[in-house]
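The structure under discussion appears below in the form of structure tokens.
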Amino acid sequence: MITSIDELVNLVNIAGEEERERFRMEKIAASVVQEVALHADEYLRIVVVVNKSVTPEELSLFGNDSSSRVRGWLAMRRATPAETLKKLAIDEDLTVRHQVALNKKCPLEVLSILADDDLEMVRSAARTAIASRHAG
């Protein structure tokens, strides 16, 4: 378990392919997740968002992140809570909204919002997701 932000930073800084896989899967203490959510380092925040052990509640801490890259990774996570996806569905960044529409766990309610998006790419992804759910 990663129990301190220093340990996480060290892992990120020395990471080769094997270590990268470790911090994608290894449990991160809740206190570290909370600290990273407020950390200035965008890459460190992304590392935590993509970590498979981070809980939906912890993921929601990143819903208002200043970085569209962090929000985009968050939008792709299947574990991201519905309320956070709903917030990201009206994000100013089109890539974030598009990632929400592509999320296989995105609720139909959120996809309906995205189906009326200003941008065709987002509308199309949302409408395709809605149609595939009704077909399956």
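The values are calculated or read from the model by the stated rules, or taken from the named source; none is laboratory data. It should be emphasised that the depicted structure is a prediction, and the values quoted were computed from it without experimental measurement. Quick reminder, even Gly has a Cβ in these numbers, built from the backbone with ideal geometry, and neighbours come from all protein chains shown.
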What about residue 132, is it free of Cβ contacts under 8 Å to residues at least 12 places away in the same chain, assigned to a helix (DSSP H, G or I) and farther than 30 Å from residue 4 by Cβ?
yes
I'm trying to understand the selection: among the residues of the range 53-77, which are part of a helix (DSSP H, G or I) and of a type in the set (Val, Ile, Thr)?
70
Sole exception among (1) touching a residue at least 40 places away in the same chain (Cβ under 8 Å); (2) more than 10 Å from the chain's Cα centre (by Cα) for residue 48, by number:
(2)
Considering every residue within the range 92-100, establish whether at least one is of a type in the set (S, T, N, Q), under 30 Å from residue 129 (Cα atoms), in contact with a helix residue (DSSP H, G or I) (Cβ under 7 Å, 6 or more places away or on another chain) and at pLDDT 95 or above.
yes
If you go through the range 100-125 one residue at a time, how many are surrounded by fewer than 16 Cβ atoms within 10 Å (Cβ to Cβ), of a type in the set (A, V, I, L, M, F, W, C) and not in a helix (DSSP H, G or I)?
1
Test residue 74 against the stated conditions and say whether it is of a type in the set (A, V, I, L, M, F, W, C), within 23 Å of residue 123 (Cα to Cα) and crowded, with 21+ Cβ neighbours inside 10 Å.
yes
Can you confirm whether the range 14-24 contains a residue that is surrounded by fewer than 17 Cβ atoms within 10 Å (Cβ to Cβ), part of a loop (DSSP other than H, G, I, E, B) and among the basic types (Lys, Arg)?
no
Any residue that is of a type in the set (S, T, N, Q) and surrounded by 19 or more Cβ atoms within 10 Å (Cβ to Cβ) - is there at least one of those in the range 47-59?
yes
Counted residues, the range 78-95 - those being in a helix (DSSP H, G or I) and over 13 Å from residue 62 (Cα atoms):
4
